[in-house]
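**Q** Got a structure for you, questions after.
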Amino acid sequence: MGLMGKLFGKGQEIPEVAQPGVTQCPHTTMTPRWDRAEDIGHEERATGWRCEGCGEMFDAEEGQRIRAESGERLRDTLPTG
């Protein structure tokens with residue numbers, strides 16, 4: 001393997017490592033997607049949502065539902081008082 005291959009890892013396989021106890025992504029980092037440029041920045045006009053954790057795509061309705069549920073889960077974990 002040449003110097004460049006060694007520097008950039010060319011030809012090396014990265015083994016997949018399973019995380020014990022993690023069975024499903026919590027979808028806590030969702031990014032909106034829009035079909036029209038003029039809608040960008042208006043979350044209520046998003047046509048879809050992408051989870052940045054696992055890469056899964058959701059339609060607008062399901063994305064909003066997941067975001068609401070994630071917010072509720074987060075609020076439940078915060079200390080009160």
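**Q** State all residues of the stretch 1-52 that are surrounded by 10 or more Cβ atoms within 10 Å (Cβ to Cβ), among the basic types (Lys, Arg) and modelled with pLDDT of 65 or more; if no residue qualifies, say none.
**A** Passing the criteria: 6, 33, 45, 50.
**Q** Continuing with the same structure: Please count how many residues of the stretch 43-81 are β-branched (Val, Ile, Thr) and under 13 Å from residue 25 (Cβ atoms).
**A** So the answer is 1.
The values are calculated or read from the model by the stated rules, or taken from the named source; none is laboratory data. As the structure is a computational prediction, the values presented were derived from the model and not from experiment. Neighbour counts are summed over all protein chains in view; Cβ atoms, including those assigned to glycine, are modelled from backbone coordinates with ideal geometry.
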